[in-house]
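Reading through the structure tokens given below for one structure.
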Amino acid sequence: MTFRVTVVGAGIVGLSAAWALWRDGHQVTVYEQKALPNSLGSSVDQHRLIRYPYGSELGYTCMVTDAYQAWEKLWTDINKKLYAPTGTLVLAKTGESWANDSADTLGQLGLSVQWLDADQLQHTFPLLVADDVESAFYLDSGGVLLADQIITAMVQHLNSRGVTFHTQVQVREIVPDLARIVLSNGIVVDADTLVVAAGPWVTRLLPDLSQRVTPSRQVVVYLEPPPDTIAQWIAAPMILDIDPDSGFYLVPPVLGTELKIGDHRFTLTGDPDCEREADEAEARTIFEQCKQRLKEFDRYRLQRSCTCFYTVAPQERFIVECLGNSWLMTGFSGHGFKFGPLLGLALAEAVAGRRTADELSQWAAGHAI
């Protein structure tokens, strides 16, 4: 059966839903409040990461393999692969840490890691300072998704295949039971199925959700490494130092992108329409986190900074729920990009009746193995 589908939001989740539903033969229309790609959207930046380490979360760790397979389907459809494999380096500073939980979870799935002590770490990755690192592990898997290029390619692909896009159009109201949206100019648009993937703006359409998800303003910085280290950095893995007292991650400058540093900890503050420029003090704070980790730190230069918004749910559980004739997709807490195509394909299965709404919700929340 073919449905008329309206999708609100053209970030990775909304576009993935549109892509998967189009693949199933549905008539899809996408509404986006800004131009595409939306520079304020959570999905639009040079890169996003996909990796297996996920702490003690067995469900989400299992989903990574399926996510890679979903990305392969997307690469085939858009006829390009916008991904750079890097490997993953996870640092551990305490005996009871996110790193150890990740390694234990990976072991349950038969995925072994290569443990390194501080001396081995320093020898293998000489760009780093390992003085306060108790141990570390490395995996060959993991890499960088070229986020803004992916968004652009998906829009071009879907547009060429008959998906309709309405950009710079504000949705004022949604009526989930009727799969209806009301635009800011009062025009009413009805469909058979509505998908709400509005990122940090979702609580303006569904105010009750403010009890369940929180916009979180995050600052990232881009560094200029010393010229004699650039080749080493291009070949470096992503680096995750996600103990509770740090939250540091590093993205290598692959395929013409820049070296990026971010703080994984949530601010749980901010308005997605305001304070979109990071001030100097904020950028400097993130930059200084690198001081204890990068050898010859004084040779690195802070190039620029920017902000993005996560939509954070309790325990970072994804929310994919049926609301009448509508589907809500939110609460991805900074992890949604890596799972975008997989989430879209799973939603299309539910729309087609190939899995129940409850099964989809439990799976998206990381509860189904």
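The values are calculated or read from the model by the stated rules, or taken from the named source; none is laboratory data. Quick caveat, the model's predicted, so the values are computed rather than measured. Cβ placement follows ideal geometry from the backbone for every residue including glycine, while neighbour counts extend to all protein chains displayed. Surface areas here come from the heavy atoms of the whole protein model, side chains and all, with no ligands, DNA or RNA. Shrake-Rupley method; radii C 1.70, N 1.55, O 1.52, S 1.80 Å.
For every residue, the table says whether it meets (1) under 26 Å from residue 330 (Cα atoms); (2) part of a strand (DSSP E or B).
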position: 217; (1), (2): yes, yes
position: 229; (1), (2): no, no
position: 240; (1), (2): yes, yes
position: 255; (1), (2): no, no
position: 261; (1), (2): yes, yes
position: 274; (1), (2): yes, no
position: 278; (1), (2): yes, no
position: 281; (1), (2): no, no
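Would you say residue 80 is at pLDDT 95 or above and either open to solvent by 10 Å² or more (accessible area, probe 1.4 Å) or more than 19 Å from the chain's Cα centre (by Cα) (or both)?
Taking the combined requirement at face value, the residue satisfies it.
Keeping to segment 25-63, report how many residues are closer than 22 Å to residue 198 by Cβ, open to solvent by 30 Å² or more (accessible area, probe 1.4 Å) and in a loop (DSSP other than H, G, I, E, B).
Summing the residues that are closer than 22 Å to residue 198 by Cβ, open to solvent by 30 Å² or more (accessible area, probe 1.4 Å) and in a loop (DSSP other than H, G, I, E, B) in segment 25-63 gives 9.
Report whether or not residue 211 is surrounded by fewer than 16 Cβ atoms within 10 Å (Cβ to Cβ) and either free of Cβ contacts under 8 Å to residues at least 24 places away in the same chain or not charged (D, E, K, R) (or both).
yes
Given the criteria part of a strand (DSSP E or B) and crowded, with 17+ Cβ neighbours inside 10 Å, does residue 363 qualify?
No, not satisfied.
Could we say that residue 16 is small (Gly, Ala, Ser), outside any strand (DSSP E or B), out of contact with any Ser or Thr (no Cβ under 6 Å at 6 or more places or on another chain) and free of Cβ contacts under 8 Å to residues at least 24 places away in the same chain here?
no
Which ones in segment 286-304 are more than 18 Å from residue 229 (Cβ to Cβ) and either surrounded by fewer than 15 Cβ atoms within 10 Å (Cβ to Cβ) or at pLDDT 95 or above (or both)? It would help to see each step written out before you state the result.
Going residue by residue through segment 286-304, those that are more than 18 Å from residue 229 (Cβ to Cβ) are 286, 288-289, 304.
Scanning segment 286-304 gives 288, 304.
Sort out which residues of segment 119-178 are acidic (Asp, Glu) and surrounded by 15 or more Cβ atoms within 10 Å (Cβ to Cβ), and write them in order of number.
134, 148
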